[in-house]
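The values are calculated or read from the model by the stated rules, or taken from the named source; none is laboratory data. This one's a predicted model, so the numbers in the text were calculated from it and none came from an experiment. Virtual Cβ from ideal backbone geometry, glycine too; neighbours counted across all protein chains shown. These area figures cover heavy atoms from the full protein model, side chains too; ligands, DNA and RNA do not enter into them. Shrake-Rupley method; radii C 1.70, N 1.55, O 1.52, S 1.80 Å.
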Amino acid sequence: MEFDFAEEQPKFLMLMYGLIAFVVVVGGLLLLLDVVPAWFARRREAQLVTASASGAPLPRRRSKGEGLFALFFLLPTLLLLTVGLVVPAIRTTLLSFMDAGSTNWVGLRNYGWMFSDDSIVRVLINTLVWVVLVPLIATGFGLIYAVLVDKARFESVAKSLIFLPMAISFVGASIIWKFVYAYRGEGDQIGLLNQIVVSLGGEPKQWLLESPLNTLLLIVIMVWIQAGFAMVVLSAAIKAIPGDIVEAARLDGVSPWQMFWQITMPSIRPALIVVVVTLTIATLKVFDIVRTATNGNYDTSVIASEMYNQAFRYGQNGQGSALAVFLFILVIPVVIYQIRNLRQQREG
Amino acid sequence: MTTATPTVAVGTQKTDGTPSTTAGRVRKRLNSRTATLVSIVIAVVWTIPTFGLLISSLRPEDEIKTTGWWTAFTNPQFTLENYQQVLFGRSSSSGQLASYFINSLAITVPSVLFPLAFASLAAYALAWIKFRGRDWLYIAIFALQIVPLQMALVPLLKFFSTGVTLGGVTLMPAWDLVDEQKFAQVWFAHTCFALPFAVFLLHNFISQLPGDLMEAARVDGATHPKIFRTIVLPLITPALAAFGIFQFLWVWNDLLVALIFAGGGNETAPLTVRLAEMAGTRGNEWQRLTAGAFVSIVVPLIVFLSLQRFFVRGLLAGSVKG
């Protein structure tokens with residue numbers, strides 16, 4: 001009945017191997033970088049000595065050394081990115097044109113399936129709802145809160161409270177909210193939401209079973225987590241507005257309302273865009289919440305969770321890959337927009 | 001949300017200097033009161049779900065299942081039995097979370113260290129070593145953030161299970177990992193997926209270091225590895241901390257990567273996988289779910305609260321300009 005610590009030993013052993021590997025790889029790399037150039041330097045020196053002794057022309061200093069260094073510095077990263085991201089991404093694209101077992105080419109059939117199967121169309125619509133609502137509401141809440149607590153006495157505590165859910169896993173957050181949505185047929189309610197409904201004279205509901213309400217309730221979880229992120233970034237942007245601009249506006253006698261729309265909003269526009277874009281990307285990839293809260297049942301599935309189901313539960317590699325590629329296509333424009341924005345900001 | 005909007009504007013008024021008239025002063029105080037009130041209401045709403053879960057996790061099983069957690073204020077009954085059971089219980093239904101907790105730890109530590117080291121090396125090279133195609137390489141690595149990790153899952157799993165063969169020649173044998181060894185797969189996957197963002201974030205910091213410092217060191221005959229170790233590393237410690245916290249929270253809280261690369265057993269699966277499973281199969285065992293959720297939350301919360309400063313700095317560097 002008791003927990004046996006000895007049984008856990010292999011894990012610690014494995015962790016130790018991992019740490020040893022880390023020391024060997026990184027230490028070895030740095031050592032190599034130190035030793036090899038020193039050796040080249042010595043050899044060059046020797047060459048110089050013999051060259052000057054024999055009166056031959058001095059060997060030209062090679063400028064390739066820099067490139068060699070760069071190669072070594074970049075080697076692990078490039079290797080891992082190639083093996084872990086580039087090649088797999090290409091392979092997934094190819095797999096999306098193949099059948100379930102990845103043996104025969106089927107052309108665009110997987111994509112056709114995606115847009116014709118009713119349940120998958122439902123998934124696409126759900127994703128759209130997520131991606132519209134989450135960035136909008138989370139940013140809205142974050143902005144309102146950032147403005148409200150700006151320069152308040154309890155600011156740091158107040159901000160920590162909203163920011164805290166950022167540290168909680170999506171799984172943990174989903175359980176927290178599942179508890180809020182909990183339902184009991186008879187007797188007292190144990191879920192907060194149903195208790196509120198009951199005390200207002202309503203009937204308790206099985207919140208997570210009712211489509212399309214359940215999707216909205218899952219979105220609440222995501223908003224709850226992400227509003228803190230929006231708040232922190234926007235709050236920093238608000239604090240970065242130069243004091244003299246605010247002062248000048250105040251001397252001109254603008255109302256707080258005007259101040260907000262004409263000074264604050266334009267000043268924090270770049271930060272606002274970054275927040276919305278980041279939240280959009282995060283929302284497109286949302287998986288944990290849906291899986292933990294409803295497992296994608298009752299019409300709540302989104303692209304990322306459906307991709308998992310198809311590829312890893314139903315063994316439909318082709319269809320799963322097609323969903324992954326579609327997700328990729330959706331993310332591209334958003335990221336390009338962000339890159340352009342960052343560059344403008346940098347130049348401006 | 002719409003009802004709260006007017007108070008936004010009102011709230012900004014407390015930055016005003018003290019109005020000269022009495023009426024103005026009273027109005028200002030009232031307005032900042034509304035702002036304060038609204039912000040407190042939001043903060044409370046935001047905290048209540050977590051608070052409710054914490055209270056519940058400390059209540060006896062019968063109480064949790066029959067009455068709301070708010071009744072604990074009028075009828076306080078607390079116990080640590082739930083935690084005891086969910087952490088150390090040996091029956092398969094109890095959770096056995098202590099074991100999964102160790103898995104989370106074993107997965108997280110190397111998954112944070114590896115990308116940190118590799119990315120800082122790469123970021124240094126991209127920022128301070130001159131070579132052809134440097135900018136293109138940086139943009140390429142940055143752009144890899146586009147690839148959602150969902151796209152890499154199927155082939156990467158195949159890579160581990162069957163290795164790499166090119167035209168019949170085995171370039172890389174299958175890993176054939178069992179039980180605890182599967183940690184290596186998870187480390188590998190997390191490291192790969194973290195690199196684009198890590199390089200981007202650390203590059204932001206490293207490229208802003210003063211160039212004179214590097215120049216002076218170069219003139220003194222220092223090589224790049226030496227500069228990297230003795231000058232750059234100490235200077236970018238805050239950035240390393242920022243990314244370290246990011247990566248820690250992301251790995252500790254991750255479900256998808258672990259689900260696919262760790263296997264489901266208590267030899268390798270982290271807390272999140274186990275919790276998600278419990279939420280699915282034992283959705284009504286609230287005494288275990290609430291305590292379990294708190295076990296998984298507590299470490300990131302501690303890290304987050306104690307290192308919040310670095311985390312915020314990293315967040316701002318990653319999303320907004322420097």
query: Inside the range A:243-348, counting only helices (runs of 4 or more DSSP H) that do not spill past its ends, which hold 2 or more residues that are over 30 Å from B:THR281 (Cβ atoms) and of a type in the set (A, V, I, L, M)?
result: A:243-251, A:269-284, A:317-347
statement: Checked against (1) hydroxyl-bearing (Ser, Thr, Tyr); (2) open to solvent by 10 Å² or more (accessible area, probe 1.4 Å); (3) part of a helix (DSSP H, G or I), B:SER111 satisfies every condition except (2)
task: May I ask you to say which residue of B:LEU116, B:LEU126 is more than 8 Å from chain A (Cβ to nearest Cβ), more than 28 Å from B:ALA293 (Cα to Cα) and open to solvent by less than 50 Å² (accessible area, probe 1.4 Å)?
output: B:LEU116
task: Quick one: A:ILE225 ticks every box in (1) more than 22 Å from B:ARG313 (Cβ to Cβ); (2) within 12 Å of chain B (Cβ to nearest Cβ); (3) touching a Pro at 6+ places or on another chain (Cβ under 7 Å) except a single one, so which number is it?
output: (1)
query: Could you say whether any residue in the range A:330-345 is more than 24 Å from A:VAL233 (Cα to Cα) and modelled with pLDDT of 85 or more?
result: yes
- request: Being out of contact with any Asp or Glu (no Cβ under 7 Å at 6 or more places or on another chain), part of a loop (DSSP other than H, G, I, E, B) and either of a type in the set (Lys, Arg) or touching a residue at least 24 places away in the same chain (Cβ under 8 Å) (or both) is the filter here, so list the residues in the range A:198-211 that pass it.
  value: A:LYS205, A:GLU210
- request: Test B:GLY221 against the stated conditions and say whether it is under 23 Å from the mean Cα position of the chain (by Cα), without any contact (Cβ under 8 Å) to a residue 60 or more places away in the chain and open to solvent by 30 Å² or more (accessible area, probe 1.4 Å).
  value: no
- prompt: Would the range A:15-29 turn up any residue that is under 30 Å from B:GLN85 (Cα atoms) and either modelled with pLDDT of 75 or more or among the polar types (S, T, N, Q) (or both)?
  reply: yes
message: Name the residue that is modelled with the lowest pLDDT, counting only residues in the range B:253-275 that are open to solvent by less than 10 Å² (accessible area, probe 1.4 Å) and within 7 Å of another protein chain (Cβ to nearest Cβ).
response: B:LEU275
query: Tell me, which helices (runs of 4 or more DSSP H) lie completely within the range B:226-322 with 1 or more residues that are closer than 30 Å to A:PHE73 by Cα?
result: B:237-253, B:256-261, B:286-319
statement: If we keep only residues of the range B:129-139 that are of a type in the set (A, V, I, L, M, F, W, C) and touching a helix residue (DSSP H, G or I) at 6+ places or on another chain (Cβ under 9 Å), then the residue least open to solvent (accessible area, probe 1.4 Å) is B:ILE129
- line: Of the residues in the range B:36-57, those that are open to solvent by 40 Å² or more (accessible area, probe 1.4 Å), of a type outside the set (Val, Ile, Thr) and over 19 Å from A:TRP177 (Cβ atoms) number 1
query: If you take the residues in the range B:186-197 that are crowded, with 24+ Cβ neighbours inside 10 Å and of a type outside the set (Phe, Trp, Tyr), which one is farthest from B:PHE243 (Cα to Cα)?
result: B:VAL186
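Conditions tested, residue by residue: (1) free of Cβ contacts under 8 Å to residues at least 60 places away in the same chain; (2) closer than 20 Å to A:TRP177 by Cβ; (3) hydroxyl-bearing (Ser, Thr, Tyr).
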position: B:LEU213; (1), (2), (3): yes, no, no
position: B:LYS226; (1), (2), (3): yes, no, no
position: B:PHE243; (1), (2), (3): no, no, no
position: B:PHE294; (1), (2), (3): no, yes, no
position: B:VAL312; (1), (2), (3): yes, no, no
position: B:ALA317; (1), (2), (3): no, no, no
- prompt: In the range A:97-121, which residues are of a type in the set (Ser, Thr, Tyr), farther than 17 Å from B:GLN150 by Cβ and either in contact with a strand residue (DSSP E or B) (Cβ under 6 Å, 6 or more places away or on another chain) or at pLDDT below 85 (or both)?
  reply: A:THR103
- prompt: Can you tell me how many residues in the range B:49-106 are part of a loop (DSSP other than H, G, I, E, B) and of a type outside the set (D, E, K, R)?
  reply: 18
task: Return the only residue of A:LEU58, A:LEU48, A:LEU94, A:LEU68 being of a type outside the set (Lys, Arg) and modelled with pLDDT of 80 or more.
output: A:LEU94
query: Quick one: what pairs do we get from the range A:259-288, first residue more than 28 Å from A:ASP244 (Cα to Cα), second of a type in the set (S, T, N, Q) and surrounded by fewer than 17 Cβ atoms within 10 Å (Cβ to Cβ), C-beta under 9 Å, 6+ apart or different chains?
result: A:VAL277/A:ASN341
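Matching residues to (1) modelled with pLDDT under 90; (2) out of contact with any Ser or Thr (no Cβ under 6 Å at 6 or more places or on another chain):
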position	(1), (2)
A:GLN262	yes, yes
A:ARG269	yes, yes
A:ILE289	no, no
A:THR292	yes, no
A:TYR298	yes, no
A:PHE312	yes, yes
Odd one out for A:LEU216, checked against (1) modelled with pLDDT of 90 or more; (2) surrounded by 18 or more Cβ atoms within 10 Å (Cβ to Cβ): (2)
- line: Of the listed residues (A:LYS178, A:LYS205, A:LYS151), the one being open to solvent by 30 Å² or more (accessible area, probe 1.4 Å), more than 7 Å from chain B (Cβ to nearest Cβ) and of a type outside the set (Ser, Thr, Tyr) is A:LYS205
query: Among the residues of the range A:248-256, is any polar (S, T, N, Q) and more than 30 Å from B:LEU289 (Cβ to Cβ)?
result: yes
task: Those residues that are crowded, with 19+ Cβ neighbours inside 10 Å and in a helix (DSSP H, G or I), I need them from the range B:147-159; list them, please.
output: B:GLN150, B:MET151, B:ALA152, B:LEU153, B:VAL154, B:PRO155, B:LEU156, B:PHE159
- line: Of those in the range A:238-269 that are surrounded by 17 or more Cβ atoms within 10 Å (Cβ to Cβ) and within 10 Å of chain B (Cβ to nearest Cβ), the residue nearest to the chain's Cα centre (by Cα) is A:ILE268
message: Just to confirm my filter: which helices (runs of 4 or more DSSP H) fall fully inside the range A:112-184 and include at least 1 residues that are closer than 19 Å to B:LEU316 by Cβ and in contact (Cβ under 8 Å) with a residue 40 or more places away in the chain?
response: A:118-149, A:155-163
